[in-house]
Structure formats: structure tokens, C-alpha cells
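This report concerns only the one structure given below.
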Amino acid sequence: MQRRKFLKSAGIGAAAGAAMLPGLSRAQTAALPEVKWRCASSFPKSLDTIYGAAETMSKRVAASTGGKFQIQVFAAGEIVPGLQVLDAVQNGTVQCGHTAPYYYWGKDPAFALDTAIPFGLNARQMNAWMIFGGANDLFNDFYKGYNIYRIPAGNTGAQMGGWYRKEMKSPADWKGLKMRIGGFAGKVIEKMGAVPQQIAGGDIYPALEKGTIDAAEWVGPYDDEKLGFNKVAKFYYYPGWWEGGPQLVTMCNIAEWNKLPKEYQNILEAACWEANTWMVAKYDAQNPAALKRLVGGGTQLRAFNKDIMVASYKAALEVYKEASEKSPAFKKIYESMVKFREDQLLWFRVAEKGFDDFMHTIHSIK
């Protein structure tokens with residue numbers, strides 16, 4: 001009963017003023033300060049799911065504080081370009097940002113591990129590693145050097161392998177291919193002869209249309225359809241072996257984070273984790289219909305063959321060895337991830353894969 005009363009009051013908090021926070025008296029709630037933050041997103045508003053995770057977080061924070069803690073979300077380019085969110089948070093231009101840490105792997109390859117690396121973790125494994133595998137502590141210790149406190153705040157689930165003007169028949173087809181690809185995966189395809197390009201989401205279509213690039217990956221059918229990639233590239237590949245469970249985070253300027261009352265810190269943490277669940281759920285709900293529309297419209301769906309997958313995996317291992325030699329932070333966090341992944345793969349192979357394989361088979365027997 002008390003929980004229902006709280007949720008009801010939180011839902012109208014912005015209009016009603018100081019709704020009571022869980023476990024606090026009205027007097028205690030009234031004593032909390034009004035705080036207004038700006039949040040720079042790396043994504044355009046047109047991508048309602050990946051951008052919408054930040055809005056979900058913002059709305060929950062406002063509702064849970066009776067409107068006393070407001071976070072206004074700005075799309076990529078409104079304050080800073082999409083790939084400069086970390087810098088804006090670090091130097092205090094904004095109090096927080098919503099972004100994919102692997103955009104900043106050029107500063108240190110360890111950033112890539114906080115989103116996704118080729119042949120890494122899926123979304124559920126990523127959450128488990130963060131919460132129970134010590135990854136949150138490892139990353140926040142690393143981010144202190146950038147004046148940032150970060151909180152997981154979104155995941156796309158396993159992504160697609162991108163759009164190509166020509167078929168990918170063998171590992172040799174990577175050679176000379178100019179491809180928009182995010183994060184550390186660019187180093188892997190570069191190892192195989194490709195020319196990676198890191199381009200913000202809103203700028204990919206014109207680059208592909210003009211032929212500046214030969215291929216591009218983004219997220220999956222729902223977003224890719226919105227961005228119109230099917231109009232300028234015919235072949236759509238899967239899986240996105242470089243993004244099994246890419247995580248987004250809310251980066252907070254650590255000085256601004258430390259100014260927040262503990263109650264607001266707790267609410268912001270909870271709101272980010274809600275956004276984490278909301279985002280992957282929405283993609284899972286929207287992607288099937290979008291994929292059907294794309295294929296129905298003439299998109300040629302293709303799977304990367306085993307030769308390409310094996311060659312890519314071997315190239316990835318070479319890249320990780322090189323990164324570990326250059327970055328102590330990468331080595332430490334990567335080794336934690338690999339150790340955690342070993343048991344996860346065993347468990348998922350026994351239960352999840354067994355269940356999924358049967359369901360995929362039985363679905364065709366009606």
C-alpha cells in the first residue's frame with residue numbers, strides 16, 4: 001500500500017511539488033535542494049530508443065524527487081557533438097552525459113570494455129559482470145582519472161553486423177573496405193585490412209550514400225530502418241560479433257556527483273538501471289517487425305560465414321594482446337571480463353542455448 005501511494009505521488013510530483021521520497025518524511029524531503037543538471041547525449045532525438053534511455057532516466061529522477069532534481073537531456077550537437085560527450089562531462093561543460101564509452105577508446109582502450117568489445121559479453125552477461133563480477137568498481141576506479149563517476153544506463157542487446165554494398169564471402173573481403181564502425185572493433189577489422197571510420201549516428205547515412213564509406217553498422221533493424229541504410233546498401237549481415245551486449249552509461253562529473261545529496265545519488269543510480277532495462281526491452285520489442293519490413297522491402301539478409309567469424313576472432317585476440325601491453329587499465333579489466341565470461345559461456349550453453357535451440361526448432365513444427 002505504501003509503495004502504491006509513493007508511486008502515485010511520484011507520478012504527479014512535477015506538478016504537485018515536493019512528493020515524499022521513499023523512507024523520508026515530508027519535512028526531510030522539503031529540506032532537500034532543487035538541482036538542475038544538463039545531460040549531453042551522443043545520439044539524435046530521431047533514434048527514440050537509444051536517445052530515449054536518457055529521457056527515461058531523466059523522467060524517473062524528476063518523478064522520484066517531486067521535480068526537485070531535474071535533468072534536461074540535449075541531443076547530439078545541441079551542446080557538443082555526439083563524440084565529445086566525455087570531454088564535456090570531464091571539463092564541467094555539462095553535469096552529465098549519456099553515451100557509449102567505446103567512442104573514447106582512443107584516450108585509453110579500457111573505455112571500450114565499458115560498452116562492448118568483439119566477442120565479449122551479451123547483455124545479460126554484461127549486467128552480471130557489472131553487478132556481481134566487480135566491473136562497476138573497476139570502471140569507476142578507472143574513470144576517476146577523468147573526473148567522472150559512471151552508471152550503466154542502457155543496452156541494445158546483440159547487434160547486427162551492418163550494411164554492405166557487396167557481399168562478404170571471405171576474410172579477404174575486409175581488405176580495403178571503408179566501414180563506419182564504432183569503438184574498438186575498428187582496430188580488429190583494420191587488422192584484417194579494412195579502413196574503419198568512427199562517425200556519429202546522424203552522419204552515417206550521407207557518408208554511405210555519397211560513397212565516402214562502403215559499409216556501415218549502427219545497432220539493429222529498428223534504428224537502421226529509421227536511418228534509411230536499406231536505401232543505400234543492399235546486404236545486411238549478422239551477427240554483430242563486435243557488439244554482443246553493448247552498454248551505454250551515464251557519465252557524471254565527479255565534483256557535481258559529490259555535491260548531490262545521498263538521496264539524489266541513490267535515485268539517479270536507480271533511474272539509470274531502469275533505463276538499462278527499458279532500452280534493451282524496447283529494442284527486443286521493436287526489432288522483429290522492423291526486420292520483417294526490411295526483408296520484405298528487398299534487403300538481402302546474410303550471415304557472416306564461419307571463415308569470416310574465425311578470422312575475425314583471431315584478429316581480435318591479437319588486438320587485445322597489443323592493447324594489454326600498452327594499457328595497464330585495459331589489461332586489468334580485460335582479464336576480469338575474460339575470467340567472468342568463461343563461467344558465463346558454460347552456464348548459457350547448458351540452459352539458455354538448450355532452451356533457445358529447441359524453441360527455434362519447434363517454432364517451425366506447427
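The values are calculated or read from the model by the stated rules, or taken from the named source; none is laboratory data. All of these numbers come straight from a predicted model, not from anything done at the bench. Glycine gets a Cβ as well: all are built from the backbone with ideal geometry, and neighbour counts include every protein chain shown. These area figures cover heavy atoms from the full protein model, side chains too; ligands, DNA and RNA do not enter into them. Shrake-Rupley method; radii C 1.70, N 1.55, O 1.52, S 1.80 Å.
Results, tabulated for the structure shown:
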| item | result |
| --- | --- |
| 1 or more residues among the hydroxyl-bearing types (Ser, Thr, Tyr): qualifying helices (runs of 4 or more DSSP H) within segment 50-128 | 52-64 |
| Residue in segment 301-308 that is in contact with an Asp or Glu (Cβ under 9 Å, 6 or more places away or on another chain), surrounded by 13 or more Cβ atoms within 10 Å (Cβ to Cβ) and of a type in the set (Lys, Arg) present | yes |
| Selection within segment 29-49 - part of a helix (DSSP H, G or I) and either modelled with pLDDT of 85 or more or exposed (fewer than 13 other Cβ atoms within 10 Å of the Cβ) (or both) | ALA31 |
| Any hit, segment 107-120, residues being closer than 30 Å to LYS339 by Cβ, hydroxyl-bearing (Ser, Thr, Tyr) and open to solvent by less than 10 Å² (accessible area, probe 1.4 Å) | yes |
| Any chance VAL61 is at pLDDT 95 or above, farther than 27 Å from ILE204 by Cα and surrounded by 22 or more Cβ atoms within 10 Å (Cβ to Cβ) | yes |
| Number of the condition not met by ILE267 [criteria: (1) in a helix (DSSP H, G or I); (2) in contact with a helix residue (DSSP H, G or I) (Cβ under 8 Å, 6 or more places away or on another chain); (3) surrounded by fewer than 19 Cβ atoms within 10 Å (Cβ to Cβ)] | (3) |
| Subset of segment 228-269 [more than 16 Å from the chain's Cα centre (by Cα), closer than 26 Å to ASN127 by Cα and of a type in the set (A, V, I, L, M)] | ILE254, LEU260, ILE267, LEU268 |
| Segments classed as strands (runs of 3 or more DSSP E), wholly inside segment 152-251, with at least 1 members that are modelled with pLDDT of 95 or more, open to solvent by 10 Å² or more (accessible area, probe 1.4 Å) and not hydroxyl-bearing (Ser, Thr, Tyr) | 178-180, 195-197, 235-238 |
| Cross-chain or 6+ apart pairs with Cβ under 8 Å, segment 172-195 first and under 23 Å from GLY245 (Cα atoms), then surrounded by 18 or more Cβ atoms within 10 Å (Cβ to Cβ) and among the acidic types (Asp, Glu) | MET179/ASP214; MET179/GLU217; ARG180/GLU217; ILE181/GLU217; GLY182/GLU217; GLY182/GLU243; GLY183/GLU243; ALA185/GLU243 |
| Criterion violated by GLN2 - all others in (1) more than 18 Å from TRP273 (Cβ to Cβ); (2) polar (S, T, N, Q); (3) at pLDDT 95 or above satisfied | (3) |
